[in-house]
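The values are calculated or read from the model by the stated rules, or taken from the named source; none is laboratory data. What you see is a predicted model; the values in this text were computed from it and never measured. Glycine gets a Cβ as well: all are built from the backbone with ideal geometry, and neighbour counts include every protein chain shown. Ligands, DNA and RNA are excluded from the accessible area calculation, which covers all protein heavy atoms including side chains. Shrake-Rupley method; radii C 1.70, N 1.55, O 1.52, S 1.80 Å.
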Amino acid sequence: MKKSRDDYLTLFFISIIGIYIFIALAFPMYAILSKSFENKDGAFIGFENYQSYFENSSLVYSIYNSLFISIVTMVITISLAFVFAYALTKSRMAGKGMFRSIAMIPILVPSLLSGISLIYLFGKQGIFRELLMGYEIYGPIGIIIAEVFYTFPHALLIIVTALSIGDARLYEAAKVLRSKSIRTFFTVTLPSAKYGVISAAFVVFTLVITDFGIPKVIGGNYNVLAVDVYKQVIGQQNFEMGAVVSMVLVFPALIAFAVDRIVQRKQVAILTSRSVVHEPNESKTFDRVMFGYCSVISVLILTILGMCLYASLVTFWPYNLTLSLKNYQFDLMDGGGWDSYYNSIRMASYTAFFGTIVVFAGAYFVEKSRGLKTGRSILHLLSMMPMAIPGLVLGLAYIFFFNHPDNPLNFLYGTMAILVICTITHFYTVSHLTGLTSLKQIDNEFEHVSSSLKQPFYKTFFRVTVPISLPAIFEIGIYFFVNAMTTVSAVVFLYSSKTTLASVAVLNMDDAGDIAPAAAMGMMIFYTNAAVRIVYVIITKKILVRFQNWRTKTS
Amino acid sequence: MEKYLSVKKVNKHFGKFQALKDVNFDVKEGEFVCILGPSGCGKTTLLRVIAGLESQSEGEINQNNKNISQLPPDQRDFGIVFQSYALFPNLTVKNNISFGLKTRKQNRDAIDKRVDELLNLVGLSDHINKYSAQLSGGEQQRVALARALAPSPGLLLLDEPLSALDAKVRQHLRLEIKNLQRKLGVTTIMVTHDQEEALTMADRIILMNKGVIEQEGSPQDIYSKPTTAFSANFIGTTNLFKVKKISSNSIEIHGSILECDDDIKDDVSTVTIRPEDIKISDSENNQNIFTGTVKELEFLGSNIRGHIEVNFKSQTDIVICNFASEYIQYNNIQKDTQVNISLQPHAIKIVKD
């Protein structure tokens, strides 16, 4: 068919976004892959680096450690999160909103903050160190506790979604057939949530195996893959070995990603538009038990956060416990001072702004444009890839690609721009899926009607699609902002003296022994993210409602 | 009247599946054509090909003496109404209708005037500032119609426009759309799976099955002179029998010989007999009389449909016939009553398989 102006414009925009992802993802990944086959002088040496890696027993042991930590965390987090999610969706206990909000707290802080908190709680001078009965918090125990804290909300969100799609009609059928509640649980609840649970398990696994903040802070001598990458690069300046370890790290992440995608596809099939939302029955005992459980978990989460807050305000732990803001005088410490904080705000704002535009436009072209089937599926595939790449690996890949003297994009190296590009790319996939989900709910005929009315696609996009999708667009923006504030792994290789970041400052201050200021900076990130979230809730509740009065039935 | 749209030898493949096979038809200017068929027959694909939303694998489409086969939808001249209405939910009725008017460099007054005119036409002047969520299904459908008609397109395409509505509203809108179409004289193609809708609204019906046109013609012709077993069966209810030729005007059904008015050519063929053409016969003088037992009586309101097990010579077979309710009551016909029925010669029609 003859191409219209719309088709050319679509092709143009798809190409731009495609090229962006190629530059921000595909080329750097190629660079790091080829680096792992080179020696220090840049000559191709085949698998020699891999060989020396696997001959180094202490490095190889990290693989075992990483898998151990990831699997144990996965089991614990999924069990805890499943019961919590079950309480939120299938009970009538009081305080569901509050529990949900508390459970989301870990998302708002850098992962390593929980490590810092554990040091104060169970470390050498910790308050509750006797509770460990002689065991050390530095090592696998500390890592696992901190990782559970960090991954809990991620697992919870997925499982809550899976449990809430349980079709009420199935529950009614089970009841009419006089099925006992245990049997209903195993025949109705569990099967419909199965894929959600599997998916959550793999997400947790990937988060843990790729996280390096927590093992760095509280791991002691317990080595894991992610920390090895960091040590090889930052400590020993051995970039080639860093590349090799990165590739070893990508491998399980890729497998987890692939399994997750397959499982997700099956999940969709269960959801039909005719499903009726299940309203749980009242059962006083059950509700009380669930309330008790959620309270315990919430107290634990609040303790970890509260410990950090307290530690950041104590003048000199544990000798001078008077409260002061001394630890917030960041300009007196290493790590970039208050500038790091302001840089982080700037970086997060740019990421949210540009990231939302790129991601939403990308999702729009994938979902809504006409023709160009191949181009659209390539774009979608590219958009799904970042999820499989650990942030640390992406950051290292950026060094190899952007810092290469022959790269015309070399000027980006060491700037704010590269931090923004890297962060957008790192968090691209989840945002892309959010955009896609919201766009899928919009009638595809809108585009057809518009072209029959001879209107260009961008008119429909700006007048109809964007206004309808505003909630999702805000959701994407906030996701980018919060993650840009907390991320360490993606940016730790890329900041320069002018672009130090708050989350990296937490890491560096902790490294330098300034643990209290590190906690204080971590809390600054928490305050900021919490404030942004609250503002977001107000915006969606108050302002958005006014612009979206077309959603209501009454005039 | 002149030929406005012609579809020539259109084929459409989706991978190995052929959705349209050699489809040919013309639409005259101002005509209301219904494309009717069961789901999966290719009718919606055909409409989307005409709109340019789907490209044909082979064939040509001419509109107003211009070959539009290769044009993208925004360069074709049509308005479209979908089953889902596809009203922009965040725009008012007014802005929905004026959506297609704005690029035409018309001034605001002219646009407002046109919107008023269209709202008058569909009888929704009071709802100008409402959003679609505040309208009933029927009202939304009329807004969608007004929006499609706003730029005065040469061709109006309706894709199952009434199937999401309640039965009552649907009946009412049928007439309304038909009258509107007649008043504006806009050439219209409607896709539907509802035979009643097609029979009441269309000037001409194009009946489709498995990607091919089975039959086309006026609603009366399609109903009373079905050319294929599929047409006879899809439109209304009918009895179909495999028959053998005895002479040019007599046939054999299950060993019994019947007179018929149609000219019999093939040795073996299929005949259709509409239930309403079958009479219960008191006198033995009528032709083609058979005895049978009432097996089932279905109450349809003004009519009662009887399933009668008829004793043909070599075997029994169920024949469906319609009776007036009073007749059944008056003659005290019940389940298992013996009746004589007459398969009248003029009602027996040969159809292709």
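Of the residues contained in segment B:71-80, none is found to be closer than 22 Å to B:H193 by Cα and of a type in the set (D, E). A:T423 meets the conditions (1) modelled with pLDDT under 90; (2) in a helix (DSSP H, G or I); (3) polar (S, T, N, Q) in every case but one. The failed one is (1). Residues that are more than 14 Å from chain A (Cβ to nearest Cβ): which strands (runs of 3 or more DSSP E) entirely in segment B:1-107 hold 2 or more of them? Hits in segment B:1-107: B:3-14, B:17-28, B:32-36.
Report yes if A:K40 is closer than 30 Å to A:V420 by Cα, part of a loop (DSSP other than H, G, I, E, B) and either modelled with pLDDT of 90 or more or charged (D, E, K, R) (or both), otherwise no. Answer is yes for this residue.
Which of the residues that make up segment A:175-205 are farther than 30 Å from A:A146 by Cβ, buried (at least 17 other Cβ atoms within 10 Å of the Cβ) and of a type outside the set (S, T, Y)?
Kept after step one, since they are farther than 30 Å from A:A146 by Cβ, are these residues of segment A:175-205: A:175-189, A:191-192.
After this cut, where a residue has to be buried (at least 17 other Cβ atoms within 10 Å of the Cβ) as well, the list is A:184, A:188-189, A:192.
Across segment A:175-205, the qualifying residue is only A:V188.
Looking at the structure I just gave you, is B:Q181 in a helix (DSSP H, G or I), in contact with a strand residue (DSSP E or B) (Cβ under 8 Å, 6 or more places away or on another chain) and either open to solvent by 60 Å² or more (accessible area, probe 1.4 Å) or not aromatic (F, W, Y) (or both)? So B:Q181 fits the description; yes. Surrounded by 22 or more Cβ atoms within 10 Å (Cβ to Cβ) and under 30 Å from A:E38 (Cβ atoms): which single residue out of A:V366, A:V359, A:V393 fits that description? It is A:V393. The listed residues are A:V532, A:V506, A:V537, and the only one of them that is part of a helix (DSSP H, G or I) and at pLDDT below 90 turns out to be A:V537. Of the strands (runs of 3 or more DSSP E) lying entirely inside segment B:186-244, those carrying at least 1 residues that are open to solvent by 20 Å² or more (accessible area, probe 1.4 Å) are B:204-209, B:212-217. May I ask you to verify whether A:R92 is farther than 30 Å from A:I424 by Cα and either assigned by TED's automatic domain parsing to the domain that holds A:Y195 or of a type in the set (K, R) (or both)? Yes. Checked against (1) crowded, with 23+ Cβ neighbours inside 10 Å; (2) within 28 Å of A:P28 (Cα to Cα); (3) modelled with pLDDT of 90 or more; (4) not acidic (D, E), A:T500 passes all but condition (1). In this structure, is A:S469 of a type in the set (S, T, N, Q) and away from chain B (no Cβ under 14 Å)? It is false that A:S469 is of a type in the set (S, T, N, Q) and away from chain B (no Cβ under 14 Å). Considering segment A:338-347 alone, what residues qualify as being in contact (Cβ under 8 Å) with a residue 12 or more places away in the chain and out of contact with any Leu (no Cβ under 9 Å at 6 or more places or on another chain)? Residues satisfying the conditions are A:D339, A:I345, A:R346. From the list A:K454, A:K542, the lone residue that is part of a helix (DSSP H, G or I), modelled with pLDDT under 90, open to solvent by 10 Å² or more (accessible area, probe 1.4 Å) and out of contact with any Leu (no Cβ under 9 Å at 6 or more places or on another chain) is A:K542. Out of segment B:147-166, which residues are away from every other protein chain (no Cβ under 11 Å), of a type outside the set (D, E, K, R) and under 22 Å from the mean Cα position of the chain (by Cα)? Matches in segment B:147-166: B:L158, B:P161, B:L162, B:S163, B:A164, B:L165. Within segment B:314-334, the set of residues being under 18 Å from B:I348 (Cα atoms) and open to solvent by 70 Å² or more (accessible area, probe 1.4 Å) comprises just one member, B:I318.
If the requirement is being touching a Ser or Thr at 6+ places or on another chain (Cβ under 6 Å) and either within 14 Å of chain B (Cβ to nearest Cβ) or not in a helix (DSSP H, G or I) (or both), which of these qualifies: A:V488, A:V464? Even if it seems obvious, please write down each step before you answer.
Values: A:V464 fails: touching a Ser or Thr at 6+ places or on another chain (Cβ under 6 Å).
When all the criteria are applied, what remains is A:V488.
Taking residues in segment A:441-455 that are more than 8 Å from chain B (Cβ to nearest Cβ), and partners anywhere that are in a helix (DSSP H, G or I) and hydroxyl-bearing (S, T, Y), the pairs with Cβ atoms closer than 7 Å and at least 6 places apart or on different chains are A:I442/A:T465; A:E447/A:T460.
Every listed requirement among (1) crowded, with 21+ Cβ neighbours inside 10 Å; (2) of a type outside the set (S, T, Y); (3) not in a helix (DSSP H, G or I) is met by A:I145 save one, (3). Restricting segment A:1-30 to residues that are in a helix (DSSP H, G or I), within 14 Å of chain B (Cβ to nearest Cβ) and among the aliphatic types (A, V, I, L, M), the residue that is nearest to A:G375 (Cα to Cα) is A:L11. Within segment B:81-102, take every residue that is over 18 Å from A:I442 (Cα atoms) and either of a type in the set (A, V, I, L, M) or surrounded by fewer than 20 Cβ atoms within 10 Å (Cβ to Cβ) (or both) and give me the one that is nearest to the chain's Cα centre (by Cα). Among those residues, the one meeting the criterion is B:I97.
Just to check your reading of the model, which residue among A:S383, A:S349, A:S377 is closer than 30 Å to A:R5 by Cβ, more than 14 Å from chain B (Cβ to nearest Cβ), in a helix (DSSP H, G or I) and open to solvent by 40 Å² or more (accessible area, probe 1.4 Å)? Step through it out loud before you land on a result.
Numbers: A:S383 fails: open to solvent by 40 Å² or more (accessible area, probe 1.4 Å); A:S349 fails: closer than 30 Å to A:R5 by Cβ.
Every option except A:S377 fails the conditions.
In segment B:180-196, the residues that are acidic (D, E) reach residues that are open to solvent by less than 60 Å² (accessible area, probe 1.4 Å) with C-beta atoms within less than 7 angstrom, at least six apart or across chains, in these pairs: B:D194/B:S163.
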